[in-house]
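Here the structure comes first, spelled out in structure tokens, and everything after it is commentary.
The values are calculated or read from the model by the stated rules, or taken from the named source; none is laboratory data. Since this is a predicted model, take the numbers as computed values, not measurements. Here the Cβ positions follow ideal geometry from the backbone for every residue, glycine too, while neighbour counts run over all protein chains shown.
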Amino acid sequence: MNTIKKYAWPTIIILVASLIMTLAILPLANTEFADGIRADAITEGEGGEEEPGDMPSAVRYVIGFIKEFLLMGVAGLITYTILRIVRHFSRKRKKVEITPG
């Protein structure tokens, strides 16, 4: 239960905040500003055959969420692994002294 309180709740809060922000920004995908950015990206030539405007907004949202989740997850996993390794080696160096009492 402590693991859920310590790790899962902060992660869930961050993901929910990200979801709320993404849903708030999603309607901007259909504005003239977004169309202008897409047109600039097409003229600069990203090399893709499919134009970004052909993809529905919901698909772009899901892909963006998956990218965010993977990037945060990979960075978090690497950080967690390094932290565990450091803690593992730091515990072995400490000597436990028993005082009579």
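Name the one entry in 77, 71 that is part of a helix (DSSP H, G or I), of a type in the set (A, V, I, L, M) and at pLDDT 85 or above.
Values: 71 fails: at pLDDT 85 or above.
Just one listed residue meets the conditions, 77.
Name the pairs whose Cβ atoms lie under 7 Å apart, with the first residue in region 31-43 and within 15 Å of residue 54 (Cα to Cα), the second modelled with pLDDT of 80 or more and not β-branched (Val, Ile, Thr), and 6 or more positions between them or separate chains?
Qualifying pairs under 7 Å: 34/28.
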